[in-house]
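Structure first, then comments.
The values are calculated or read from the model by the stated rules, or taken from the named source; none is laboratory data. The structure displayed is predicted, hence computed values, not measured ones. When we count neighbours, we look across all protein chains shown, and the Cβ atoms used for this are built from the backbone with ideal geometry, even at glycine. Heavy atoms of the whole protein, side chains included, go into the accessibility calculation; ligands, DNA and RNA do not. Shrake-Rupley method; radii C 1.70, N 1.55, O 1.52, S 1.80 Å.
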Amino acid sequence: MAENNDQELATRVSSSEVMQQIADQNRTFWGGSADLSSSNKTYLKDQGDFTDLTPQGSNVFYGVREFAMAAITNGILLHGNSRAFASTFFIFSDYMKPAIRLAALQKLASIFIFSHDSLAVGEDGPTHQPVEQLETLRATPGIDVYRPADQNETLAAWKAIAKTTNCPTALVTSRQKLPVLRETKDAPVERGAYVVSPGKKDLPDAILIASGSELHLALEAKRELEKEGYDLSVVSMPSMEAFQRQSEEYQASVLPKQVVNRLSIEMASSLAWGRYTGIFGKNLAVDAFGKSGKANDVIDDYGFNLAHISRMVKKMIDENKNLQIVK
């Protein structure tokens, strides 16, 4: 566990706290879940339920109808004067894909909230462990995907969502508790990626890039490798789409071109990460279906632990030590 965490909180719970505050101050913020609001943590307390007798209620009970739920959310946005959300487990985003695509095509500011975002689903097994879902959404033009690392980044992601008016947003949250990191306070999540822990040198020996629940693991790995004399920078990348909109100068300040030793750390498909790690970098990812077992055992089995990350970084640095990098 990180040495600097003040508390632990699942990002689905952090998101719920923000949503309650939004709903308390904005009666036009409403939505619902496909029978999973207690797990997604998206029920808006004290806001009433939407029924034919209480149309002023803010909570919609969609039942197990993921596609219809997403389509209705788009319809609410098309009607105007409201900001609506839909929520379910991340694995079930597959059922919503046509409606999500149409939201992107129509430039609707629909909000899609997905919890249970990784192998940490554990005992639910490979049928419920999302592996390709992040890449599916990232490959869809015109949608912003945010995977926050902790409470601080979750709040910042919601601030970015509140300002979004011309595209849908997917907010991807964790089931498991995560440390609230001091490094992420006032994090510029709206820029998509940022240096959460810089190296001591202008050009560190390697860069660790992580999103979501893997960020605290990257920070721990940096501290361990520093004890052995390695100089590392850690980058948080909650949104690839937002990062791609930044200037070349900003992108280069986060990921200097001269530093080719880059390791991405994310419990999902590696497909999109080559853009940031390059041909000399490495990706700690999940390019196979998950496994059934206790969450921590599954996570460890796929190499998301300090020992494996340390080995990968050392091997990468050694393999690339003779490269001639043009500045």
> Is it the case that the stretch 203-225 has a residue that's charged (D, E, K, R), touching a Gly at 6+ places or on another chain (Cβ under 8 Å) and in contact (Cβ under 8 Å) with a residue 60 or more places away in the chain?
Replying inline: yes
> Does the stretch 102-111 hold any residues that are open to solvent by less than 30 Å² (accessible area, probe 1.4 Å) and among the hydrophobic types (A, V, I, L, M, F, W, C), and which are they?
Replying inline: Ala103, Ala104, Leu108, Ala109, Ile111
> In the stretch 283-306, what residues are in a helix (DSSP H, G or I), over 17 Å from Ile207 (Cα atoms) and either open to solvent by less than 60 Å² (accessible area, probe 1.4 Å) or touching a Leu at 6+ places or on another chain (Cβ under 8 Å) (or both)?
Replying inline: Ala295, Val298, Ile299
> Is it fair to say Thr165 is among the polar types (S, T, N, Q), under 15 Å from Ala10 (Cβ atoms) and touching a residue at least 40 places away in the same chain (Cβ under 8 Å)?
Replying inline: no
> Taking the stretch 197-235, which residues are farther than 27 Å from Val172 by Cβ and hydroxyl-bearing (Ser, Thr, Tyr)?
Replying inline: Tyr230
>> Any residue that is farther than 30 Å from Lys315 by Cβ, open to solvent by less than 10 Å² (accessible area, probe 1.4 Å) and at pLDDT 95 or above - is there at least one of those in the stretch 199-208?
In response: no
> Which condition number does Gln246 fail, the rest of (1) open to solvent by 30 Å² or more (accessible area, probe 1.4 Å); (2) touching a residue at least 60 places away in the same chain (Cβ under 8 Å); (3) closer than 21 Å to Pro204 by Cβ being met?
Replying inline: (2)
> Pairs under 6 Å by beta carbon, first residue aromatic (Phe, Trp, Tyr) in the stretch 294-305, partner open to solvent by less than 90 Å² (accessible area, probe 1.4 Å), six or more apart or different chains?
Replying inline: Tyr302/Val286
> Got a number for residues in the stretch 92-138 being within 18 Å of Asn166 (Cα to Cα), in contact with a Leu (Cβ under 9 Å, 6 or more places away or on another chain) and part of a loop (DSSP other than H, G, I, E, B)?
Replying inline: 4
> Assuming Ile161 fulfils every condition listed in (1) buried (at least 22 other Cβ atoms within 10 Å of the Cβ); (2) under 19 Å from Tyr43 (Cβ atoms); (3) touching a helix residue (DSSP H, G or I) at 6+ places or on another chain (Cβ under 9 Å) apart from one, which condition is it?
Replying inline: (3)
> Which ones in the stretch 261-282 are among the aromatic types (Phe, Trp, Tyr) and over 19 Å from the mean Cα position of the chain (by Cα)?
Replying inline: Phe280
> What is the residue count in the stretch 307-327 for residues that are among the polar types (S, T, N, Q) and either surrounded by 12 or more Cβ atoms within 10 Å (Cβ to Cβ) or in contact (Cβ under 8 Å) with a residue 12 or more places away in the chain (or both)?
Replying inline: 2
> Which residues, taken from the stretch 177-221, are in contact with a Ser or Thr (Cβ under 9 Å, 6 or more places away or on another chain), part of a strand (DSSP E or B) and over 15 Å from Leu284 (Cβ atoms)?
Replying inline: Leu178, Tyr194, Val195, Val196, Ser197
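Table: residues versus (1) within 24 Å of Leu215 (Cβ to Cβ); (2) free of Cβ contacts under 8 Å to residues at least 40 places away in the same chain; (3) surrounded by fewer than 19 Cβ atoms within 10 Å (Cβ to Cβ).
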position	(1), (2), (3)
Ser93	yes, no, no
Ile100	no, no, no
Ile113	yes, no, no
Ser118	yes, no, no
Gly125	no, no, yes
Leu134	yes, no, no
Pro141	no, yes, yes
> Pairs, please: C-beta under 6 Å, at least 6 apart or cross-chain, first residue within 18 Å of Phe89 (Cα to Cα) and in contact (Cβ under 8 Å) with a residue 40 or more places away in the chain and in the stretch 39-68, second crowded, with 16+ Cβ neighbours inside 10 Å and not basic (Lys, Arg)?
Replying inline: Asn40/Ser33; Asn40/Ser87; Asn40/Ser115; Lys41/Val13; Lys41/Ser16; Thr42/Ser33; Thr42/Ser87; Thr42/Ile113
> What tally of residues in the stretch 16-59 results from selecting those that are part of a strand (DSSP E or B) and under 25 Å from the mean Cα position of the chain (by Cα)?
Replying inline: 6
